[in-house]
Every structure is written in structure tokens, then in C-alpha cells.
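A.B. asks: I have a structure here, written as C-alpha cells, and I will follow up with some questions on it.
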Amino acid sequence: MEEHTPVISSPNTSPVKAATVTALQREMVALWHEQEVNNPYFDFLATVCTQHSFNYKLWHEEDIARCPDSDDTVIARVKRSIDRLNQQRNDWIEKIDDQLTALLESAGVQPAENVRLNTETPGSVMDRLSIMSLRIYHLQEQVDREDASEEHRESVQRKMAVCMLQRDDLENSLQNLLDDIFAGRLRHRTYRQFKMYNDPALNPYLYKAGRKTAA
């Protein structure tokens, strides 16, 4: 696989292009379904790719969890895996936003104090686009099924058309958001998830269980 260069541009313009992010997500979903592939990207895009990988793994663990043939042992293993992957997914959304903060600082972007803050961060939008790329890939698999009826294919194709429209809208919105942030028209801030259920110091079921084990 060819190496990818960092996605960096001149100061005061957005160094991140939404189309580059969605192309990465489409490329990696297809590659991961064929073979194990190491992260081929650098800098910011490497972070985007890693975050995307947790959604890829989550998608397939969720499929296993819903299989009626899965016994309780499998379900318990998958549930713990889903919890771990979901935590990593959210951690890496924050890493994306943290890297954007670093890029803004290096570009010298300083928005005015009264500039508004968007309700969703670019990292969160990229996470949504990541999931959409997985959805479209697996819908295409359904279209290509040899045992599928024509009615099934037509139904899936209608869903795909909606998903592709939503992906394009979301990609355009992400680019507008990035452009506004790097032009200083919007403020950027990383929002911390603080998932309490995975923290043994904050989840009462975990810290009470720990005290019982220690006793």
C-alpha cells in the first residue's frame, strides 16, 4: 500500500479536508474486510484512522451479540468487548479534537471571545461519518448477495440512496464547520466524555465489587 502524506496546509486555512477523511474511511473499511492492515497514515489522519478502527471492530462485535445462536458465554465476552471498544472509540474522538486544538494553536487561530461554540465537535462528526461508511459498505454487501431476492435488493438500494445522501450532507457540514473554526468564526473545544460506567472509581457496582474482593 502506498504511504499517505500528512494533511497539512498553510496557516489560517483548514488543514483538514472532510473529503480526505471520508475517503480514508471508505478505503480502510474495504481493506479491513480483506485483510489485517496496519494504519498507513501519518499525523492527524493516523488518529482519524485509529478512531475509525474501533467503530469497525464494534460493528462486528454488535453483529455477534445479536446472533440467536450465541450462548451466554459468548454474549458475556462480546458485551465486555463492546464496552472496551466503545470506550476506546470515545477516547479517540477526544484525541481527534485535541489534535485539532494543536493545529489551531500552531496556525495562530484566536477567535474573538464572543464567537459561538458549535454543539458538535469535528471529532464527533467524523465518528458519525465513520459509522456511515460502515453502514454503506454492509448495505452494498446485501445488494451483492447472490441468494437475495430482487425485492430485497431494491429495498436495500433505497436505504443506500438515503445513507449516501446523508453522508454527503454530513461531509459538507463537516467541511463548513472546519472552515469556520480555522477562520476563527467558531470556537473549538474538546468535550470530555467521562464515561462513568467503565471507571472502577465511579461505577458503584465496580468499586463495591472491588471492596468485596479485597475483603
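The values are calculated or read from the model by the stated rules, or taken from the named source; none is laboratory data. All values derive from a computational prediction rather than experimental measurement. Because the Cβ atoms are built from the backbone with ideal geometry, glycine has one as well, and the counts that use them run over all protein chains shown. Remember, those area values only see protein heavy atoms, side chains included, never the ligands or the DNA or RNA. Shrake-Rupley method; radii C 1.70, N 1.55, O 1.52, S 1.80 Å.
A.B. asks: Between N114 and D43, how many nm apart are label points set 7 Å from Cα along the C-beta direction?
C.D. replies: Taking the two extended label points, one gets 3.5 nm.
A.B. asks: For Cα pairs less than 8 Å apart in space and 6+ apart in sequence, what is the mean separation divided by the residue count of the chain, i.e. the relative contact order in percent?
C.D. replies: Computed value for the chain: 27 percent relative contact order.
A.B. asks: Separate question: Note the full-extension length gain between R84 and A148 as 0.36 nm times their separation in residues minus their Cα-Cα distance, in nm to one decimal.
C.D. replies: So the extension gain works out to 19.6 nm.
A.B. asks: Which of V21, S53, G184 sits closest to the plus end of the dipole of the chain, meaning its Cα is farthest towards the positive end, when Lys and Arg get +1 and Asp and Glu get -1 on the C-beta?
C.D. replies: Going by the Cα projections, it comes out as G184.
A.B. asks: Given the DSSP H assignment, sum -39500 (n - 2.57) over each helix run of at least 4 residues in the chain and divide by its residue total; what's the result at 222 nm in deg cm²/dmol, nearest 500?
C.D. replies: After summing the helix terms and dividing by the residues of the chain, the value is -23000 deg cm²/dmol.
A.B. asks: Right, another one. Give me the 1.4 Å probe accessible area per residue for the chain, excluding ligands and nucleic acids, in Å².
C.D. replies: Accessible surface, normalised per residue, equals 60 Å².
A.B. asks: One quarter of the convex hull surface, Cα atoms only: what value does that give for the chain in nm²?
C.D. replies: Mean projected area for the chain: 16.1 nm², to one decimal.
A.B. asks: I want to make sure I understand the PRE zone here: with the label point 7 angstrom from the Cα of H138 toward its beta carbon, which residues in the range 31-62 have backbone N atoms less than 12 Å away?
C.D. replies: Under 12 Å, as judged by backbone N against the label point of H138, lie 55-62 of the range 31-62.
A.B. asks: Quick one: P(r) of the range 36-158 from all Cα-Cα pairs, 10 Å bins, percents rounded to integers, in order of increasing distance.
C.D. replies: 11, 29, 30, 20, 8, 2
A.B. asks: Please work out the FRET efficiency for the pair A183 and V74, using the Cβ-Cβ distance as r and a Förster radius of 41 Å; give the result to the nearest 0.05.
C.D. replies: 0.25
A.B. asks: With every protein chain in place, what's the accessible area of K159 (1.4 Å probe, Å², nearest 10)?
C.D. replies: Answer for K159: close to 110 Å² accessible.
A.B. asks: Once label points are set 7 Å from the Cα along Cα→Cβ at both D168 and C67, what is their separation, rounded to one decimal in nm?
C.D. replies: The two pseudo-label positions are separated by 3.7 nm.
A.B. asks: Follow-up. How much accessible surface does V162 have with a 1.4 Å probe, in Å² rounded to 10?
C.D. replies: 80
A.B. asks: Something else: With label points built 7 Å along Cα→Cβ from the Cα atoms of Q157 and Y191, find their separation and express it in nm.
C.D. replies: Inter-label distance under the simple model: 3.9 nm.
A.B. asks: How big is the range 122-199 by Rg and Dmax over its Cα atoms, in Å?
C.D. replies: Here Rg and the maximum Cα pair distance are 17.6, 53 Å.
A.B. asks: Looking at the chain, which longest stretch skips every one of the GluC sites (Glu not before Pro) that is in a DSSP loop with at most 15 other Cβ atoms within 10 Å, leaving the sites themselves out?
C.D. replies: Here the longest run is 37-112.
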